[in-house]
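The values are calculated or read from the model by the stated rules, or taken from the named source; none is laboratory data. All values reported here derive from a predicted model rather than from experimental measurement. Virtual Cβ from ideal backbone geometry, glycine too; neighbours counted across all protein chains shown. To get the accessible areas, we keep the full protein, side chains included, count just its heavy atoms, and leave off ligands, DNA and RNA. Shrake-Rupley method; radii C 1.70, N 1.55, O 1.52, S 1.80 Å.
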Amino acid sequence: MISIDNLAVEFNGTTLFKDVSFVINPTDKIALMGKNGAGKSTMMKIIAGAQKATRGHVRSPKDAVIAYLPQHLLTEDNCTVFEEAAKAFKHVFTMRDEMDALNKELETRTDYESEAYMKIIERVADLGEKYYALEEVNYDAEVEKALKGLGFKQEDFKRQTKEFSGGWRMRIELVKILLQKPDLILLDEPTNHIDIESVIWLEDFLVNKANAVLVISHDKAFIDNITNRTIEVTMGRIYDYKANYSHYLQLREERRAHQLKAYQEQQKFIADNMAFIERFKGTFSKTNQVASRERMLEKLEIIEVDEIDTSALKLRFPPAPRSGDYPVTVKEVSKAYGDKVVFRDASMSISRGEKVCFVGRNGEGKSTMIKAILNEIEVEGTCQLGHNVKVGYFAQNQASLLDNELTIFQTVDEVAKGEIRTQIKNILGRFMFSGEDIDKKVGVLSGGEKTRLAMVKLLLEPVNLLILDEPTNHLDLKSKEVLKEALLDFDGTMILVSHDRDFLQGLSQKVFEFKDQRVIEHFETIDAFLERNRIERIADIQLMK
């Protein structure tokens with residue numbers, strides 16, 4: 001059991017939260033929720049020991065292992081993927097090596113009666129008790145299962161970690177954490193850089209194999225599936241619910257309704273008493289009553305109603321101009337980089353108004369196919385856009401392509417043309433950039449703010465083919481819901497790549513699966529595909545014991 005006692009954090013006289021106390025039990029799976037800036041990541045860092053609180057303590061048993069995966073982390077670059085992942089068992093190997101060294105020392109020493117000799121014997125006995133108490137584990141097999149579960153292939157194991165992107169190196173760090181089987185796993189946005197199949201594998205591990213888990217995530221399906229408790233950080237305090245995220249939302253609405261009712265009743269009570277005081281102030285016969293009510297109001301603790309995040313992204317795509325019957329046609333397309341074949345003989349046709357999803361593990365060719373459709377790369381075969389197709393493209397790294405030296409206003413003004421330039425401030429206001437915000441440099445914006453700004457640029461002119469590659473990365477739950485509603489209302493054609501299952505649900509009528517150098521067409525909704533895929537995936541990879 002890990003206890004958080006009276007935590008408080010203050011920055012420059014401003015209190016982020018105070019008097020926060022709760023207990024994490026051995027089997028708790030907790031979602032840490034709250035609007036951006038409420039203090040979720042700060043609280044997680046304090047529990048992890050990566051940051052100090054202004055006041056309060058985190059108490060845990062002496063041998064408890066707390067593992068923390070922050071949002072941004074890079075592994076070392078001087079070893080292979082397998083060697084880096086195997087560092088999870090470093091403590092076991094260190095214990096074994098120390099025990100071997102001490103035993104060799106005992107073989108050579110002859111001072112059997114000395115205090116030093118007895119200390120070595122005690123140390124060997126202590127280490128032996130711990131080492132031999134460990135269950136017998138095939139460490140190589142455990143590393144292999146975890147790496148494969150999170151998307152690595154056998155041929156990746158011997159590659160240097162420096163050959164991989166930051167997202168893949170985050171997975172290596174996650175593998176190390178899972179292999180340690182810690183008493184508490186702290187995860188800050190763990191699904192941002194992993195594909196759907198890996199998310200499903202991670203869910204199964206956290207639910208069935210992990211001990212306590214505390215997670216911050218904007219992936220609604222993920223937190224719903226793994227958590228049995230929700231802690232909300234709001235207005236400097238916490239509320240603790242024995243419920244998953246969806247149930248917590250209902251309970252929170254009920255709580256706020258009760259608060260609002262109590263607040264309104266209290267305000268009426270205050271108003272009635274103030275009216276009495278004003279009416280009878282100076283009336284000799286009512287002096288005691290007036291004084292009594294004044295003292296009562298001074299001592300009255302005012303009921304607070306929890307804040308609601310009223311900032312709301314307002315998003316609607318312009319009407320789509322009419323295109324030809326088949327905006328996208330792909331015939332027998334193949335693509336390879338050197339000896340690595342991405343896909344071969346892929347064909348697809350997407351009709352006007354159709355919304356389709358590209359799914360598959362990272363590296364199987366989803367983004368490559370998009371680049372082929374947009375004629376950004378050379379391929380064998382033919383990729384053709386239909387008559388009068390106007391493309392709106394949101395790349396996976398779209399937010400990072402923005403110029404950090406420009407202001408928000410300049411970023412939009414640079415691409416706006418015609419009369420729409422007179423509406424830039426209104427458009428930015430709909431995307432939660434208002435007042436002095438529009439003069440901020442892009443470089444100081446958060447990931448979510450950059451994603452919203454990149455989306456503004458996408459909406460400046462009407463399109464009839466939307467191609468979105470991981471558009472929800474860094475967006476909070478509310479912004480994702482608004483984007484999803486806008487995409488449901490969009491009357492053009494859409495290709496969507498996303499690892500967020502809750503976001504995908506209801507957004508497509510057809511699925512193109514990228515797998516084993518092939519592109520497979522499924523005439524089913526993403527919901528049906530994912531349900532079937534979950535069954536096949538768990539059967540495919542034996543989960544860690």
Picking from ASN375, ASN362, ASN397, the residue that is out of contact with any His (no Cβ under 8 Å at 6 or more places or on another chain) and over 17 Å from SER498 (Cβ atoms) would be ASN375
If you check ARG237 against the conditions, is it surrounded by 15 or more Cβ atoms within 10 Å (Cβ to Cβ), among the charged types (D, E, K, R) and either modelled with pLDDT under 90 or farther than 16 Å from LYS35 by Cα (or both)? no
Checklist (1) in contact with a Ser or Thr (Cβ under 7 Å, 6 or more places away or on another chain); (2) among the hydrophobic types (A, V, I, L, M, F, W, C); (3) at pLDDT below 85; (4) more than 23 Å from ARG532 (Cβ to Cβ) applied to LEU150, failing item: (4)
If a residue counts only when it is out of contact with any helix residue (DSSP H, G or I) (no Cβ under 9 Å at 6 or more places or on another chain) and more than 28 Å from VAL342 (Cα to Cα), which helices (runs of 4 or more DSSP H) contained entirely in region 373-487 have at least 1 such residues? 424-430, 447-458
Is there a residue in region 173-184 that is at pLDDT 85 or above, among the basic types (Lys, Arg) and closer than 15 Å to THR27 by Cα? no
Any idea which residue in region 51-70 is nearest to LEU186 (Cα to Cα), counting only those that are among the aliphatic types (A, V, I, L, M) and in a loop (DSSP other than H, G, I, E, B)? VAL65
Scan region 180-200 residue by residue and report those that are assigned to a helix (DSSP H, G or I) and open to solvent by less than 10 Å² (accessible area, probe 1.4 Å). SER198, VAL199, ILE200
Any residue in region 153-174 that is in contact with a strand residue (DSSP E or B) (Cβ under 8 Å, 6 or more places away or on another chain), of a type in the set (D, E, K, R) and open to solvent by less than 70 Å² (accessible area, probe 1.4 Å)? yes
Pair list, Cβ < 6 Å and 6+ apart or interchain, from region 379-394 residues that are closer than 20 Å to VAL456 by Cα to residues that are of a type in the set (Val, Ile, Thr) and assigned to a strand (DSSP E or B): TYR393/ILE467
If LEU251 passes every condition in (1) assigned to a helix (DSSP H, G or I); (2) more than 30 Å from ARG295 (Cα to Cα); (3) modelled with pLDDT under 85; (4) open to solvent by 30 Å² or more (accessible area, probe 1.4 Å) but one, which one does it miss? (3)
Would you mind stating whether LYS45 is without any contact (Cβ under 8 Å) to a residue 40 or more places away in the chain, open to solvent by 70 Å² or more (accessible area, probe 1.4 Å) and closer than 25 Å to ARG169 by Cα? yes
Of those in region 210-226 that are outside any helix (DSSP H, G or I) and either among the hydrophobic types (A, V, I, L, M, F, W, C) or under 10 Å from THR27 (Cα atoms) (or both), the residue most open to solvent (accessible area, probe 1.4 Å) is ASN211
GLU354 vs (1) of a type outside the set (S, T, N, Q); (2) crowded, with 19+ Cβ neighbours inside 10 Å; (3) within 30 Å of ARG501 (Cβ to Cβ): all pass except (2)
Residue count for region 17-50, restricted to those that are of a type in the set (Val, Ile, Thr), outside any strand (DSSP E or B) and within 16 Å of the chain's Cα centre (by Cα): 1
Would you mind telling me which numbered condition in (1) hydrophobic (A, V, I, L, M, F, W, C); (2) under 23 Å from VAL207 (Cβ atoms); (3) in a helix (DSSP H, G or I); (4) within 21 Å of the chain's Cα centre (by Cα) ALA85 fails? (4)
